[in-house]
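Step one of this worksheet: look at the structure below.
The values are calculated or read from the model by the stated rules, or taken from the named source; none is laboratory data. As the structure is a prediction and not an experimental result, all values here were calculated from the model. Cβ: placed from backbone, ideal geometry, glycine included. Neighbour counts: every protein chain shown.
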């Protein structure tokens, strides 16, 4: 009788601990994602300045500037799912990259202090976003591990927890940049 | 750039030849001092044993025999050592980089050591010498040899009742080696610490669980680079900031630096500064007494020890200033 009571008590305790640990891991992943979100907004906040700095020069690339303005409007509106945020981040990274490459064609623009500062700020946000992505992926790995490993997988199944997806970066970004082709023109 | 050999032949050789004379004299004068001390102490010991006087009296004998040693040090060795540090080491420093300055009695300030937060214990005794400082490219650096101890007062159980000495001090080493401080190229607000990973190497996953309990240094930060994780453990206050500082490329660079040097290395990123502590057992940048100075491998050793630290700037890419901190 006593033994049954002890075993039950221990089992309940273990379930509670597993439950709490899973909740903590889930929340950590959510917090990590919101950090990415904040940094993405920070990057979009630099966009108006970027456009102001480059639009005088980039008459031919006006399309790119319109694209990025539209993206910023979407980001600021704030109603996006995680997947949409990830997608928008990918696209914005590409477009900003294109603007930076195009800027190489305008020596005056490149020489201006204003543009150099902006480039430094963008580099910094870019680096912070990459750090936030890594932090998010680390917490997702933790969470997914808990979902698959015994015995927390049983509790997770009861809680209907599902595996989260990693924040992947676009294939183009992962491929090594061919510096030669950038300067070929 | 000239080779070290050519520099050694043309710049150092004339001074080394002069210094070698000083060294030989110092070494020659040391022999009678040592012989006297040994014989005197032995004689006193025999005397004490025969007369049955307390063994504590040996302290007096030791003190007496120390006098010639002090005289020898002041008269022969100190002058030799100072000449060496005034002439040879500054030349090696200037050879490595003309922007660098050397001060034989300087050291990285104690505040820098405390600000690094690398060692939790309070540095009660802090000594150092051989300070090298300067600006390499856009990065201000300084490093010196330091020795840091913690002092604890303990009750002296062996003291006799009624004697005035009830406590005695015990000295525990905290750190000995080279301490390097540099202006870091990214700005950040918290502290991130990279320590050699002892627990994980020994205990694997269990070690990681133990590291998690080490809350005083901050949160445990698990990074993605498996090679880096095998060698180091990282603590910080902010998961994102730590990854912002420890970019994937910086992790590779730190791993490569560790693999090349094979020393116990600790890094701290705190208050926009990078601190690196490299443990050394031996004394650095000190002149030889027993062996000849006219030995290229010895000069190469001074050069290598110094280059090891100065290379941190290039190896960790501190001169890349593409972020908003200029």
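Observations, loosely collected:
- Meets criteria (within 14 Å of chain B (Cβ to nearest Cβ), modelled with pLDDT of 85 or more and buried (at least 16 other Cβ atoms within 10 Å of the Cβ)) for residue A:92: no
- Meeting the requirement of 2 or more residues that are touching a helix residue (DSSP H, G or I) at 6+ places or on another chain (Cβ under 6 Å), the helices (runs of 4 or more DSSP H) wholly within segment B:17-135 are B:58-72, B:78-96.
- In segment A:117-139, the residues that are within 27 Å of residue A:52 (Cβ to Cβ) and within 8 Å of chain B (Cβ to nearest Cβ): A:117, A:119, A:120, A:121, A:123, A:124, A:127, A:128, A:130, A:132
- Number of residues in segment A:75-89 that are part of a helix (DSSP H, G or I) and exposed (fewer than 12 other Cβ atoms within 10 Å of the Cβ) equals 3.
- Residue B:317 within 14 Å of chain A (Cβ to nearest Cβ), closer than 24 Å to residue B:224 by Cβ, touching a residue at least 24 places away in the same chain (Cβ under 8 Å) and surrounded by fewer than 16 Cβ atoms within 10 Å (Cβ to Cβ): yes
- Residue within segment A:100-114 that is surrounded by 15 or more Cβ atoms within 10 Å (Cβ to Cβ), closer than 25 Å to residue A:163 by Cβ and within 14 Å of another protein chain (Cβ to nearest Cβ) present: no
- Screening segment B:300-326 for residues that are under 18 Å from residue B:259 (Cβ atoms) and assigned to a loop (DSSP other than H, G, I, E, B) and picking the one that is modelled with the highest pLDDT gives B:311.
- Any hit, segment B:276-293, residues being closer than 23 Å to residue B:110 by Cβ, over 18 Å from the mean Cα position of the chain (by Cα) and either within 14 Å of another protein chain (Cβ to nearest Cβ) or touching a residue at least 60 places away in the same chain (Cβ under 8 Å) (or both): no
- Inter-residue pairs, beta-carbon under 9 Å, first more than 22 Å from residue A:131 (Cβ to Cβ) and in segment A:62-91, second outside any helix (DSSP H, G or I), 6+ apart: A:62/A:55; A:64/A:58; A:65/A:55; A:65/A:58; A:74/A:80
- The requirement of being surrounded by fewer than 16 Cβ atoms within 10 Å (Cβ to Cβ) and at pLDDT 90 or above is not satisfied by residue B:50.
- Looking only at segment B:238-257, and only at residues there that are facing another protein chain (nearest Cβ under 9 Å) and surrounded by fewer than 17 Cβ atoms within 10 Å (Cβ to Cβ), the one that is modelled with the lowest pLDDT: B:248
- Of the helices (runs of 4 or more DSSP H) contained entirely in segment B:145-237, those carrying at least 2 residues that are at pLDDT 70 or above and within 14 Å of chain A (Cβ to nearest Cβ) fall at B:226-231.
One line per residue, one yes/no per condition, for (1) under 19 Å from the mean Cα position of the chain (by Cα); (2) closer than 30 Å to residue B:292 by Cβ; (3) surrounded by 13 or more Cβ atoms within 10 Å (Cβ to Cβ); (4) free of Cβ contacts under 8 Å to residues at least 60 places away in the same chain:
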{"site": "B:85", "(1), (2), (3), (4)": "yes, yes, yes, no"}
{"site": "B:101", "(1), (2), (3), (4)": "yes, yes, yes, yes"}
{"site": "B:115", "(1), (2), (3), (4)": "yes, no, yes, no"}
{"site": "B:126", "(1), (2), (3), (4)": "yes, no, yes, yes"}
{"site": "B:140", "(1), (2), (3), (4)": "no, no, yes, yes"}
{"site": "B:143", "(1), (2), (3), (4)": "yes, yes, yes, no"}
{"site": "B:149", "(1), (2), (3), (4)": "yes, no, yes, yes"}
{"site": "B:153", "(1), (2), (3), (4)": "no, no, no, yes"}
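- Any hit, segment A:38-51, residues being part of a helix (DSSP H, G or I), at pLDDT 90 or above and under 30 Å from residue A:137 (Cβ atoms): no
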